[in-house]
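The structure appears right after this line, and notes come after that.
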Amino acid sequence: MAKAHSVFRCSDCGAEQPKWAGRCEACGAWNTMAEEPVGREGGRAGRRAALSSHPPTRLSALAAGGELGRWRTGLKEFDFVLGGGIVPGSVVLVGGEPGIGQSTLLLQCAARLEAAGVPTLYVSGEESPHQLRLRADRLADDAGQVHVLGETRIEAMMAHAEAVRARVVIVDSIQTSFTDALEGAPGNVGQVRECAARLMRFAKEAGPAVLLVGHVTKGGGIAGPRTLEHIVDTVLYFEGEATLDHRILRAVKNRFGSVDEIGVFRMTGTGLEPVPDPAAAFLASRVTGVSGSAVTALLEGTRPMLVEIQALATKAGFGTPQRVATGLDQRRLALLLAVLERRGNLPFGNLDVFVNVTGGMRLFEPSTDLAVMAALVSSVHDRPVPADALFLGEVGLGGEIRPVVGVERRLAEASRQGFRRAFVSARSRVASEGIEVVGMEGIGELARRLAA
């Protein structure tokens with residue numbers, strides 16, 4: 001029997017080193033080296049012996065479009081993010097912070113799949129079957145026919161899935177699972193990677209779709225090695241504040257659909273409900289006629305979303321002014337404030353600045369720069385922006401307003417939601433039916449228009 005020993009592997013890039021180091025030599029990340037036992041009999045040797053029995057096949061011999069269609073869960077937003085439903089034989093990783101609602105979402109999917117005639121097995125390593133029953137009793141969907149299993153060993157999960165002929169297997173969570181082929185506690189780098197790899201082979205060879213729940217670290221990434229996200233077919237992030245009703249499901253990787261698509265859900269006492277009109281959901285509580293508020297249009301995948309940006313600039317109570325941003329990168333806010341002060345002649349050196357993106361949304365694309373600046377200018381002058389105005393544009397360091405991509409789709413959605421005026425870059429050269437397009441060269445012109 002081979003003697004067991006340990007190596008140290010980077011959780012970000014997977015590089016292997018014989019001894020611990022504070023910094024990974026391959027990728028340069030700090031404090032990512034984790035100990036991983038290797039060399040146990042039945043591990044790699046067992047894997048080498050278990051060769052695939054499927055011979056190579058010509059692509060022309062395979063049915064066009066695949067032999068099986070997608071399985072629709074009935075949760076329209078979930079199916080939309082996946083690209084139309086669950087693909088048989090795929091592995092989907094759903095990550096999110098504890099308590100955000102991943103388990104509730106997947107239990108609802110299991111109930112609907114079972115009702116549609118797709119045998120589903122829900123494997124929980126964190127809750128007992130009786131605790132799952134308590135969760136299911138609160139849901140509007142009847143989950144009584146779903147097979148549940150309280151198990152953390154991968155080999156037992158796959159055996160039970162084959163026994164009940166499950167077509168969809170939900171594992172909650174991958175961090176609590178372990179395999180007999182490796183030593184070490186569940187959740188370490190080696191166990192998480194090996195368990196995901198075994199479930200991937202099980203899905204590809206036996207045919208069921210596997211949905212994994214993954215915990216999120218403080219840094220916002222899924223706990224475990226970065227290779228975990230490379231192994232699976234689809235990576236979804238479940239976002240939102242636990243104190244807010246809305247939850248956002250975002251696809252960051254999808255081999256069978258578009259990436260960067262989002263689905264919007266509302267948390268209720270009977271589970272998660274898809275929001276029928278996500279584009280208008282974040283403007284439902286908007287109050288007009290108040291300074292420091294501006295609306296912009298995000299492009300999440302193929303779907304335009306309207307969001308409200310609120311800003312408050314007030315006299316600093318201490319020596320160093322505060323810069324607080326919620327839903328916006330702090331460094332991006334600092335850059336926009338510097339441009340406004342230099343190019344727009346607005347003094348922010350003695351003002352506390354607070355910026356908030358309503359509804360728990362987060363701004364990643366630069367097309368929202370103009371709306372952030374409009375909210376800041378409105379707050380400084382204490383003059384509300386027009387209630388039917390939309391702001392679209394990237395702002396450069398010279399104060400120039402640059403055009404953005406997909407402006408036609410954004411303006412079409414804004415027109416559908418009742419907006420009648422759009423402030424964009426003068427270089428956009430776009431016209432939209434039902435909405436007046438106002439082109440501007442720089443932020444100086446923006447400041448004059450809003451201060452007038």
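The values are calculated or read from the model by the stated rules, or taken from the named source; none is laboratory data. In this text, all values refer to a predicted model and were calculated from it rather than measured experimentally. Every residue, glycine among them, receives a Cβ derived from its backbone with ideal geometry; neighbour counts consider all protein chains shown. To get the accessible areas, we keep the full protein, side chains included, count just its heavy atoms, and leave off ligands, DNA and RNA. Shrake-Rupley method; radii C 1.70, N 1.55, O 1.52, S 1.80 Å.
Annotations
- Restricting attention to the range 240-281, the residues that are closer than 17 Å to GLN102 by Cα, in contact with a helix residue (DSSP H, G or I) (Cβ under 7 Å, 6 or more places away or on another chain) and among the charged types (D, E, K, R) total 1.
- Subset tally (residues that are without any contact (Cβ under 8 Å) to a residue 12 or more places away in the chain and polar (S, T, N, Q)) for the range 115-142: 1
- Residue, farthest from GLY95 (Cα to Cα), within the range 201-241, restricted to residues that are among the hydroxyl-bearing types (Ser, Thr, Tyr) and modelled with pLDDT of 70 or more: THR227
- Residue tally, condition free of Cβ contacts under 8 Å to residues at least 60 places away in the same chain, among the hydrophobic types (A, V, I, L, M, F, W, C) and in a loop (DSSP other than H, G, I, E, B), over the range 143-193: 5
- Qualifying residue in the range 305-318 (condition: under 30 Å from PRO347 (Cβ atoms), in a loop (DSSP other than H, G, I, E, B), in contact with a helix residue (DSSP H, G or I) (Cβ under 9 Å, 6 or more places away or on another chain) and without any contact (Cβ under 8 Å) to a residue 60 or more places away in the chain): no
- Within the range 336-353, the set of residues being in contact (Cβ under 8 Å) with a residue 40 or more places away in the chain and buried (at least 18 other Cβ atoms within 10 Å of the Cβ) comprises LEU336, VAL339, LEU340, ARG343, GLY344, LEU346, VAL353.
- Restricting the search to helices (runs of 4 or more DSSP H) fully inside the range 41-128 and requiring at least 2 residues that are at pLDDT 90 or above and open to solvent by 50 Å² or more (accessible area, probe 1.4 Å) gives 76-82, 102-115.
- Flag for PHE282 being touching a Leu at 6+ places or on another chain (Cβ under 6 Å), of a type in the set (Phe, Trp, Tyr) and in contact (Cβ under 8 Å) with a residue 12 or more places away in the chain: no
- Sole exception among (1) modelled with pLDDT of 80 or more; (2) crowded, with 23+ Cβ neighbours inside 10 Å for PRO186, by number: (2)
- Subset of the range 405-425 [of a type in the set (Gly, Ala, Ser) and either surrounded by 15 or more Cβ atoms within 10 Å (Cβ to Cβ) or under 25 Å from the mean Cα position of the chain (by Cα) (or both)]: GLY406, ALA412, ALA414, SER415, ALA422, SER425
- Residue pairs whose Cβ atoms lie under 6 Å apart, separated by 6 or more positions or on different chains, with the first residue in the range 94-114 and of a type in the set (Asp, Glu) and the second in a helix (DSSP H, G or I) and surrounded by fewer than 24 Cβ atoms within 10 Å (Cβ to Cβ), do not occur.
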